[in-house]
Amino acid sequence: MAFMGMTIWIRGARLKTLPLAIAPVLIGASLAWHDAGERRVAVAFLCSFVALLLQIAANFANDYSDGIRGTDAGRSVPVKDTDDSAVSGKATPSRGPARLVASGVNPKKVLVAAGICALAACLCGLAVIALTGYWWFILVGIACLAACWCYVGGKHPYGYHCLGEIFVFIFFGLVATCGTMFALSGTITPDGLLGGSAAGLVAVAVLCVNNLRDIESDGNHGKHTWMTAMGLRNGTIFTIAILIISALIALRHLLQSSIYAANGIPLIAIIAILCAAQIAASYAIARKTYRRALPLCSLDSLTVAAIFVLSTMLA
C-alpha cells in the first residue's frame, strides 16, 4: 500500500515534464561556465534543484487548483493504484494522464506537497544567494513562486486567460537560463537570451501539446488557452512551428561555434540527433498521439540544451 501511495505521488509530480526544468539551467550554465567563479559547481547544482523543485511545486499546485475547479474531472487512476480511502468503485476512463485530486487524493495534501517543494526550492535559492551575494535574487524567487501559484490558482488565474504560454516562455526559458547564467558569471549575453528563448519555446510547445489534448474539456470549463483560441488544426501547426524555431536557434549557436570549423563529424552527429528528436516529436503531434508527443517534446528540450552545452564546451 505504501508503494502504491508513492506511485500516485510520483505520477502527480509529472516526471515527464521535468526535463523542461533542467534544460534552461544546462544552457545557462554552459554559456557562463568559462567565466564562472570557483564555486560554479555548487551554484550550478543549486540552480538545478531550484528549477526542479519549483517545477514539481507548480505541478502539484496546478493539480490542486484544476482539481478543485473540476477541470481535471475524469483524470483518475484505478483504485488499486491508490491508497486513499476516499476513492471507491471503478475509476472513470481518463482523458489524459492521471491527476492526484481527480484520483481522490485529499486536495489539502496536494497543496501541502506543493508548499513543501516550494519551501525546499526557496532554501536552495537562499543558498545560491549566499554563495553569489546577489540578494536581489529574492525578488526573482518571489516572482517565480507567484507565477507558479497564479497560473491556475487564485480567483483570476492567468492560465485561464490565454497568458499561460507567455509566462511559461518567460519563466521556463528566459528567467531560468539567464538567472543561472548571471548567478555563475554575473552577466547575461545575447547568446543567453537566445538560449533562453530556445528553451522557452520548447516549454511552450509542451504546454500547447497538453492543451491540444484537453482542448474540448478546457473550452467546457472556461479555460482559455492559445489552443482553444486557434483551434485544433492551427494549434497543431503552431506547436510544430515553435519546435522547429527552437531547433533553428540551437543550430545557429552551433554553427557559430568553433567546433564547426574544427571537426565536421561531431557537427553532423549533433545535427542528426536534433533532427531525429524534432521529427519524432512533430510526427507525434501531427498524428494527435499526445501521450507520446508530450514526453518527446520534453526530451527535445534536453536535445536543444545538449547543442548549447556541446558547442560551448568543445569550442
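List of remarks:
- PHE171 in a helix (DSSP H, G or I), closer than 28 Å to ILE245 by Cα, among the hydrophobic types (A, V, I, L, M, F, W, C) and free of Cβ contacts under 8 Å to residues at least 24 places away in the same chain: no
- When the range 189-233 is limited to residues that are touching a residue at least 60 places away in the same chain (Cβ under 8 Å) and among the basic types (Lys, Arg), the one that is surrounded by the most Cβ atoms within 10 Å (Cβ to Cβ) turns out to be LYS223.
- Among all residues of the range 214-224, there is at least one that is assigned to a helix (DSSP H, G or I) and charged (D, E, K, R).
- Filtered residue count, the range 136-157, keeping only those that are modelled with pLDDT of 90 or more and surrounded by fewer than 16 Cβ atoms within 10 Å (Cβ to Cβ): 6
- In the range 1-36, the qualifying residues are those that are exposed (fewer than 14 other Cβ atoms within 10 Å of the Cβ) and farther than 23 Å from LEU54 by Cα, and the one that is modelled with the highest pLDDT is HIS34.
- Long-range neighbours under 6 Å by Cβ, at least six apart or interchain, first residue more than 22 Å from LEU296 (Cα to Cα) and of a type in the set (Phe, Trp, Tyr) within the range 257-280, second open to solvent by less than 50 Å² (accessible area, probe 1.4 Å) and at pLDDT below 80: TYR260/LEU267
- Hits in the range 159-169 - residues which are surrounded by fewer than 16 Cβ atoms within 10 Å (Cβ to Cβ) and in contact with a helix residue (DSSP H, G or I) (Cβ under 9 Å, 6 or more places away or on another chain): CYS162, ILE166
- Within the range 136-154, considering residues that are assigned to a helix (DSSP H, G or I) and of a type in the set (Phe, Trp, Tyr), the one farthest from PHE172 (Cα to Cα): PHE137
- Here the range 267-294 is the region considered, the condition is being touching a Ser or Thr at 6+ places or on another chain (Cβ under 9 Å) and surrounded by fewer than 19 Cβ atoms within 10 Å (Cβ to Cβ), and the residue that is modelled with the lowest pLDDT is ILE273.
- Any hit, the range 174-188, residues being over 24 Å from ASP35 (Cα atoms) and loosely packed, with under 14 Cβ neighbours inside 10 Å: no
- Checking GLY37 against (1) more than 21 Å from the chain's Cα centre (by Cα); (2) in a helix (DSSP H, G or I), the condition it does not meet: (2)
- When restricted to residues that are within 13 Å of the chain's Cα centre (by Cα) and among the small types (Gly, Ala, Ser), the range 166-196 contains 3.
- Positions within the range 190-243 being over 29 Å from THR177 (Cα atoms), among the polar types (S, T, N, Q) and touching a Lys or Arg at 6+ places or on another chain (Cβ under 9 Å), in sequence order: SER217
The values are calculated or read from the model by the stated rules, or taken from the named source; none is laboratory data. From a predicted model like this one, the values you see are computed outputs, not experimental measurements. Because the Cβ atoms are built from the backbone with ideal geometry, glycine has one as well, and the counts that use them run over all protein chains shown. Surface accessibility is based on the protein's heavy atoms, side chains included, excluding ligands, DNA and RNA. Shrake-Rupley method; radii C 1.70, N 1.55, O 1.52, S 1.80 Å.
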